[in-house]
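Notes to accompany the following structure.
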């Protein structure tokens with residue numbers, strides 16, 4: 001199991017977005033009213049950042065995804081926290097279906113086999129990214145054109161310093177945003193949501 005790229009390729013939003021976006025792609029912008037544009041960082045407010053290091057084993061990646069009910073993990077270096085890749089549930093499925101694995105294996109045998117391989121062996125090194133200060137519309141267009149299921153979010157303008165991973169957004173996040181735009185909740189419902197979030201945080205602190 002190896003990647004086809006020898007170096008991590010970050011794909012900044014303005015450099016890799018196809019300039020000849022079709023009208024079908026452009027129509028995605030009509031979903032969002034221009035007066036209601038929000039930033040990518042607004043989608044990260046209640047998100048807990050989870051990452052994994054390239055030298056961790058594949059079974060650890062699978063455990064994190066399963067327990068946290070997520071499908072993607074940014075891969076970062078241990079000390080500098082530099083983005084070096086992205087591993088997805090699909091990557092793990094492909095790894096499990098490789099000739100290295102007997103398709104008749106039991107789940108515990110598969111986990112044992114996964115524990116013998118590193119994240120760096122099957123992660124994607126070509127990572128599409130956006131900054132937290134980009135608009136949600138811009139991120140949606142990139143995700144639509146690139147046909148990627150997730151974008152890693154980097155910190156905003158840091159004065160030349162390398163940008164840090166601050167989160168990840170997926171198609172589900174964009175669908176949630178679409179629902180909020182098409183069916184805004186009432187002030188009472190907003191207050192109830194805030195209350196529920198506060199209670200969850202207090203319970204988590206207690207535990």
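The values are calculated or read from the model by the stated rules, or taken from the named source; none is laboratory data. Since this is a predicted model, take the numbers as computed values, not measurements. Cβ coordinates were reconstructed from backbone atoms using ideal geometry, including for glycine residues, and neighbour counts include every protein chain displayed.
Rundown of residues vs (1) touching a helix residue (DSSP H, G or I) at 6+ places or on another chain (Cβ under 8 Å); (2) surrounded by 13 or more Cβ atoms within 10 Å (Cβ to Cβ); (3) modelled with pLDDT under 95; (4) more than 13 Å from residue 152 (Cβ to Cβ), yes/no style:
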| site | (1), (2), (3), (4) |
| --- | --- |
| 52 | yes, yes, no, no |
| 56 | yes, yes, no, yes |
| 62 | yes, yes, yes, yes |
| 73 | yes, yes, no, no |
| 77 | no, yes, yes, yes |
| 86 | no, yes, no, no |
| 99 | no, no, yes, yes |
| 104 | no, no, yes, yes |
Condition check for residue 177: out of contact with any strand residue (DSSP E or B) (no Cβ under 8 Å at 6 or more places or on another chain) and modelled with pLDDT of 85 or more = yes
Check off (1) in contact with a helix residue (DSSP H, G or I) (Cβ under 6 Å, 6 or more places away or on another chain); (2) part of a loop (DSSP other than H, G, I, E, B) for residue 130 and give me the number that stays unchecked.
-> (2)
Assuming residue 113 fulfils every condition listed in (1) surrounded by 16 or more Cβ atoms within 10 Å (Cβ to Cβ); (2) modelled with pLDDT of 90 or more; (3) not in a loop (DSSP other than H, G, I, E, B) apart from one, which condition is it?
-> (2)
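Quick grid of which residues meet (1) assigned to a helix (DSSP H, G or I); (2) at pLDDT below 95; (3) surrounded by 11 or more Cβ atoms within 10 Å (Cβ to Cβ); (4) touching a strand residue (DSSP E or B) at 6+ places or on another chain (Cβ under 7 Å):
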site	(1), (2), (3), (4)
137	yes, yes, yes, no
152	no, no, yes, yes
157	no, yes, no, no
205	yes, yes, no, no
Quick one: how many residues across region 35-50 are assigned to a helix (DSSP H, G or I) and touching a helix residue (DSSP H, G or I) at 6+ places or on another chain (Cβ under 8 Å)?
-> 4
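State whether one or more residues within region 139-146 are outside any helix (DSSP H, G or I), modelled with pLDDT of 70 or more, under 29 Å from residue 85 (Cβ atoms) and touching a helix residue (DSSP H, G or I) at 6+ places or on another chain (Cβ under 6 Å).
The initial filter retains those residues of region 139-146 that are outside any helix (DSSP H, G or I), namely none.
Within region 139-146, none of the residues are outside any helix (DSSP H, G or I), modelled with pLDDT of 70 or more, under 29 Å from residue 85 (Cβ atoms) and touching a helix residue (DSSP H, G or I) at 6+ places or on another chain (Cβ under 6 Å).
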Pairs where the first residue, in region 111-138, is closer than 12 Å to residue 153 by Cβ and the second is part of a loop (DSSP other than H, G, I, E, B) and modelled with pLDDT of 90 or more, C-beta under 6 Å, 6+ apart | 128/148
